[in-house]
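Asker: Here it is: the structure, laid out below.
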Amino acid sequence: MKKKLWAGRFKKGTHKVAEKFSASIDFDQRLYKEDIEGSIAHATMLAKEKIILKKEADKIIKGLKQIEKEIEAGKFPFREELEDIHLNIEKRLIEKIGDVGGKIHTARSRNDQIALDMRLYLRREIDEIIDVIEAICMRFVKLADENIDAIIPLYTHVQRGQPILLSHQLMALFEMLKRDRERYIDCLKRINALPLGAGAGAGTTFPINRKLVAKLLDFPEVTNNSIDTVSDRDFIVEFISTSSTTMMHLSRISEEFVLWSTKEFDFVDLGDEFTTGSSIMPQKRNPDMAELIRGKTGRVYGNLVAILTLMKGLPFSYNRDMQEDKEPMFDTVDTVKSCLEVLSEMLQVIEFKHENMKKALNEGFITATDVADYLSRKGMPFRNSHEVAGKIVSYAEKKGLELADLNISEFKNFSDLFEQDLYKYITLDGSINSRKSHGGTAKSNVKKMIQSAKKEIAGW
Ligand code: ARG
């Protein structure tokens, strides 16, 4: 039997089946960098506080750095029987520098060690996620700027409703992602507290200096309660929850592009780079990347349910169940990052087909609301104006004409309130530019939105 690092009181070795079942090294080796970074800071503090000798800490740190190189070179012997990344690294350290390597675990438990590794890891990943979200936000603003003259129908119930600027809709996507960015930044606040020093959950008998470790690892604060520290996985729940909202947004954006790339809409070209052909129907171009983003949303929701269910009803403080927190966390990181990356690149090549968008506006009495609004501005209660406008639509439909094609006497047959100035409001530009309410689609408004977004982005 190979002696485990924790096996002092054991007479028999772990059963092969149990060993395989409980090992996490296959997936938690992804935390090697954070584990080493945390150990180096811990050793530095132990020496500073004279809990170990400076020369011992130097040896430990040197050994850890060599181990990092071994892992990066693919030469590190990961061993299942050593359970996890912490024990794999610690054992290797002892093999390399001798028994003094065992001093690294003074005043520390794997319970606070794993909490530290995950906070360090998520902090770094969230920074990268935020970078891509910011790039996408900038891209939406740029596209809104470049396409400022394009007009599309606003759809409700996927039915053509009112004319709007394409830029207005692009700025709506900007708003969604801007909120995602804020939510990730908010997550960081709670991740950014040092858990190391909580020990197994009760604190430690050694005179450690948690503030120093926090400073070395760039944590603005230390956690307050050692029990809560080793029990807490809220930061992972929050991260996956935030990511679920982001994925929900990405899936809606993707769905819009899928719809818009159909022959029925034909509003966008997603580019050869981000579409694929059909193996049987030669004419086809499928929006697979957008579909996959939409599809991958489900697994992130699944991860959220997994972590919430994992934590539900767990007794205090650390329980081995919590080892199951890692795969949902890693999968969420991988999924969100890859989806954001694909969307970001797709937005570089996407082209909007202004002519087709315009065509979709020329059928369907898209300015009927403007006819009703016109009457109401002249004093008619909106319910009545709505009815009159409806009748006019039905009249025009029968004649096979659009609203702006009817002459003024035809309008007057429905109400004497109609005057020549009506036509200013029922053309596409007239309709759009009269929606000047804050947040509305008037071009002057949308231009302001773009300007203020640019200013905001400059402050990020
Ligand atoms: N591999 C463990 C996890 O991921 C590390 C903490 C284990 N602590 C323990 N006392 N067994 O949760």
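Asker: Counting just the Cα atoms, what span does the stretch 285-398 cover along each of its three principal axes? Round to the nearest Å and put the largest first.
Answerer: For the stretch 285-398, the Cα spread along each principal axis is 71, 40, 23 Å.
Asker: Something else about it: Positive end of the charge dipole of the stretch 39-120 (Lys, Arg +1 and Asp, Glu -1 on Cβ, about the Cα centre): tell me which of Phe78, Ile94, Ile61 has its Cα farthest that way.
Answerer: Ile61
Asker: Any idea how far the Cα center of the stretch 418-454 sits from the one of the stretch 36-54, in Å?
Answerer: Cα centroid of the stretch 418-454 versus Cα centroid of the stretch 36-54: 64 Å apart.
Asker: Sort the stretch 322-450 into rounded, prolate or oblate with this rule: let a ≥ b ≥ c be the square roots of the eigenvalues of the Cα gyration tensor; rounded if a/c is under 1.5, and if a/c is not under 1.5, prolate when a/b is larger than b/c, oblate otherwise.
Answerer: Numbers: a/c = 2.93, a/b = 2.60, b/c = 1.13.
Judged from the Cα gyration tensor, the stretch 322-450 comes out prolate (a/c at least 1.5, a/b above b/c).
Asker: Let me ask something else about it. Which residues among the stretch 103-119 fall inside the zone where the amide N is under 17 Å from a point 7 Å beyond the Cα of Ala202, along Cα→Cβ?
Answerer: Output list for this probe position: 107-112.
Asker: How large is the dipole of the stretch 230-385 about the Cα centre if only Lys and Arg carry +1 and Asp and Glu carry -1, each at its Cβ, rounded to the nearest 20 debye?
Answerer: Computed charge dipole of the stretch 230-385: roughly 600 debye.
Asker: Could you tell me which of rounded, prolate or oblate describes the stretch 281-336, using a ≥ b ≥ c as the square roots of the eigenvalues of the alpha-carbon gyration tensor, with rounded for a/c under 1.5 and, failing that, prolate when a/b is larger than b/c and oblate otherwise?
Answerer: Judged from the Cα gyration tensor, the stretch 281-336 comes out prolate (a/c at least 1.5, a/b above b/c).
Asker: How high is the relative contact order of the chain, given as a whole-number percent (alpha carbon pairs under 8 Å, six or more residues apart)?
Answerer: 15 percent
Asker: If N is the number of residues in the stretch 342-383, what value comes out of its Cα radius of gyration divided by 2.2 N^0.38 Å?
Answerer: Relative to the 2.2 N^0.38 Å estimate, the stretch 342-383 comes out at 2.00.
Asker: OK, next. For the stretch 113-201, what's the relative contact order in percent, using C-alpha pairs closer than 8 Å and at least 6 residues apart?
Answerer: Relative contact order of the stretch 113-201: 38 percent.
Asker: Would you please name the trypsin sites (Lys or Arg not before Pro) within the stretch 380-450 that are DSSP coil residues with at most 16 other C-beta atoms within 10 Å of their C-beta?
Answerer: Lys436
Asker: Please compute the Kirkwood hydrodynamic radius of the stretch 221-262 from all pairs of different C-alpha atoms, in Å with one decimal.
Answerer: When all Cα pairs of the stretch 221-262 are included, the Kirkwood radius is 12.9 Å.
Asker: Further question: When you have a sec, figure out the Kirkwood radius of the stretch 107-155 from all distinct Cα pair distances and drop it here in Å to one decimal? If you can, show how the numbers build up before the last one.
Answerer: Numbers: mean 1/r = 0.0697 Å⁻¹.
For the stretch 107-155, the Kirkwood estimate is 14.3 Å.
Asker: Between the stretch 149-171 and the stretch 307-374, how many Å separate their Cα centres?
Answerer: A separation of 19 Å, based on Cα centres.
Asker: Could you give the radius of gyration (one decimal) and Dmax (whole number) of the Cα atoms in the stretch 1-145, in Å?
Answerer: In order Rg, Dmax, the Cα atoms of the stretch 1-145 give 19.1, 72 Å.
Asker: Here is a follow-up. Can you compute the FRET efficiency between Asn356 and Lys447 using 1/(1 + (r/R0)^6), with r the Cβ-Cβ distance and R0 = 22 Å? Round to the nearest 0.05.
Answerer: 0.40
Asker: Of the peptides 267-273, 39-45, how do they stack up when ordered by the mean number of other Cβ atoms within 10 Å, highest first?
Answerer: Ranking, from highest mean packing down: 39-45, 267-273.
Asker: Using the alpha carbon gyration tensor of the stretch 162-275, what are the three equivalent-ellipsoid semi-axes (square root of 5 times each eigenvalue), largest first, in whole Å?
Answerer: They are 47, 13, 12 Å, listed from largest to smallest.
Asker: Something else now. Cα gyration tensor of the chain, axes a ≥ b ≥ c as square roots of the eigenvalues: rounded (a/c below 1.5), prolate (a/b > b/c) or oblate? Numbers along the way, then the final one.
Answerer: Values: a/c = 3.29, a/b = 2.74, b/c = 1.20.
The shape class here is prolate.
Asker: Right, another one. Relative contact order of the stretch 341-460: what whole-number percent is it, with Cα pairs under 8 angstrom and at least 6 residues apart?
Answerer: Values: 83 pairs, mean separation 22.4, N = 120.
Relative CO of the stretch 341-460 lands at 19 percent.
Asker: Work out how much length Glu341 to Tyr155 would gain on full extension: take 0.36 nm times their residue separation and subtract the Cα-Cα distance, in nm to one decimal.
Answerer: Numbers: separation 186, 0.36 × 186 = 66.96 nm, distance 2.77 nm.
My answer for the length gained is 64.2 nm.
Asker: If I histogram all Cα-Cα distances within the stretch 112-229 using bins 5 Å wide from 0, what percent of pairs lands in each bin?
Answerer: It works out to 2, 10, 15, 14, 11, 9, 8, 7, 6, 6, 6, 4, 2, 1, 0, in whole percents.
Asker: Would you grab the residues whose amide H sits under 5 Å from the one on Ser317? Only those 5+ places off in sequence or on another chain, please, with H modelled 1.01 Å from N.
Answerer: none
Asker: While we're looking at this one, here's another question. Taking the Cβ of Leu314 as the center, what net charge do the other residues with Cβ under 14 Å away carry, scoring Lys and Arg +1 and Asp and Glu -1? Could you put the intermediate results ahead of the total?
Answerer: Values: positive: Arg233, Lys312, Arg320; negative: Asp228, Asp232, Asp234, Asp321, Glu324, Asp325.
Overall, the nearby charge balance is -3.
The numbers here are math on the coordinates, done by the rules we state, and not lab data. As the structure is a prediction and not an experimental result, all values here were calculated from the model. Neighbour counts are summed over all protein chains in view; Cβ atoms, including those assigned to glycine, are modelled from backbone coordinates with ideal geometry.
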